[in-house]
Each structure stands twice: as structure tokens, then as C-alpha cells.
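The values are calculated or read from the model by the stated rules, or taken from the named source; none is laboratory data. A quick note: this is a predicted structure, and the numbers were derived from the prediction, not measured. Note that we place each Cβ from the backbone using ideal geometry, even for glycine, and neighbour counts take in every protein chain shown. Note: areas computed on protein heavy atoms with side chains; ligands, DNA, RNA excluded. Shrake-Rupley method; radii C 1.70, N 1.55, O 1.52, S 1.80 Å.
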Amino acid sequence: MNSAFDPGCRRCPRLAGFLDAVKRQQAHYFCKPVPPFGDPRARLLIVGLAPGMHGANRTGRPFTGDFAGILLYETLHKLGLATAPVSVSSDDGLVLYGARITNAVKCLPPENKPLPEEVRNCNEYLFEELAQSPHARVILALGTVAHAAVLRACGRRPSQLRFAHGAAYALGERRTLVDSYHCSRYNTQTRRLTTAMFENVVERAAELAA
Ligand code: URA
């Protein structure tokens, strides 16, 4: 049976080996494929890149415990999509309404850089997540890797539609892809992505999804 998530996946030898090595150093870290988080009936699906070493890979929840999640959860809370402005741990009681967060690659990649074949291997899970999320009207892709992964999961050639911050593309009759720069520390500190830019794009995606 196809699965939208396999908690024991070891399909990518490099990533599985890296998780094992990190676990030996950091025994209390999650160090497994990180499952999607949020409302299973969400109309807005947010797709990030991959777990961060000391964030999702430590806590087991996407964008939780590192810099990249700060702006994301603050924004979701501002828009009424999250019960709290911070996501601290997988058992902090935070609930998302109408939104769900997943990653293009579910396992921590060395240096935050999954290889193309790892993104492809993991795409089956994203494909299934989309197939099992009929309510997801808008997919917000954070960054170019997520953008290409979403297109691939929707049966489109990744080169078909160019990534551009704020762009919105129809994916068939029922779905829209919205692009945003990734809310990484690098992008926010260099001000490629400001708080206002991110809030605007997430608000637009949420409105389109409503
Ligand atoms: N944490 C995630 O879960 N995904 C990202 O893309 C970055 C940090």
C-alpha cells in the first residue's frame, strides 16, 4: 500500500546513515523522518525543504525548535491558523486550524542540502499526502526545492513553472500553488524575505484557500 508517510523509511542510504550518526552524538534527538503536522483537513498545505538539524530533527515536528520556524508560526498565529505563536516541542499542545505543514524531504540532509535523487525518492510521500488531502486547495511552497517537489508530485515537470516569490499558479481546476522565499535565517537576516513580505504571501495563500 502506498503511504503518505513512513516513520521507518530508509530509502535514501545517505540520509539514513546521517540520521544514525547524528543519533549516536545526540541520543535525545528525534533523528527519524519527520511527519507532517497540523490539520488533516487543511485547506492550506505549507511545504518546506527538510528538517533542520537542531529544529525538526531534534523535536520531531516541522519547523519546530529552530530559527526557521519563528516567523512561520508567528504568522500562522497572527492569521488565526495556530493556537500559539511559537512551536516549542511536539507535545506543547499547539494546534493548527486549516493549515498543515510538511517538508519536501522528511529526513535531515547534511548541510541542509538534499540531493536531487533524495528529493525524488521522498516525492512519493508528498504525492500521497496530496492524494490524501482533498481539502488542500492551496499549496504554499517555501523555496525552490519545495516548489519543484510540489510540481513533480502533481505530475508536472519542475521546469514548467518558474519559482518566484508571490507567484500563484493554477494546478488543475482545484488547486493553486503559491510560492514564497523560504523563511530561513539566511533569507530573513539578509532581508531577501522581510516579515511583511512573508505575512503578505501567507495571508494571500490563506485567503485563496478559504
Ligand atoms: N525545518 C523544517 O521542518 N523545514 C524546513 O524547511 C526548515 C526547517
In percent, what relative contact order does region 36-209 have, based on Cα pairs under 8 Å that are 6 or more apart in sequence?
26 percent
Label points 7 Å out from Cα along the Cβ direction at ARG191 and HIS135: separation in nm?
4.0 nm
Under a plain spin-label model, where a point goes 7 Å from the Cα along Cα-to-Cβ, how far apart in nm are ASN200 and ARG157?
3.2 nm
With charges set only on the Cβ (+1 for Lys and Arg, -1 for Asp and Glu), what does the dipole of the chain come to about its Cα centre, in debye to the nearest 20?
400 debye
GNM result for the chain, Cα springs below 10 Å: residue of ALA21, ALA149, ALA99 fluctuating most strongly
ALA21
In region 36-209, if the dipole is taken from +1 on Lys/Arg beta carbons and -1 on Asp/Glu beta carbons about the Cα centre, which of VAL105, ALA42, PRO158 is farthest to the positive end?
PRO158
Extreme residue, positive dipole direction of the chain, given options PRO62, TYR73, ASN123 (C-beta unit charges)
ASN123
Using a 1.4 Å probe over the heavy atoms of the protein chains, calculate the carbon and sulfur portion of the accessible area of region 111-210 as a whole percent.
48 percent
Please give the per residue accessible area of the chain, computed with a probe of 1.4 Å over protein heavy atoms only, in Å².
48 Å²
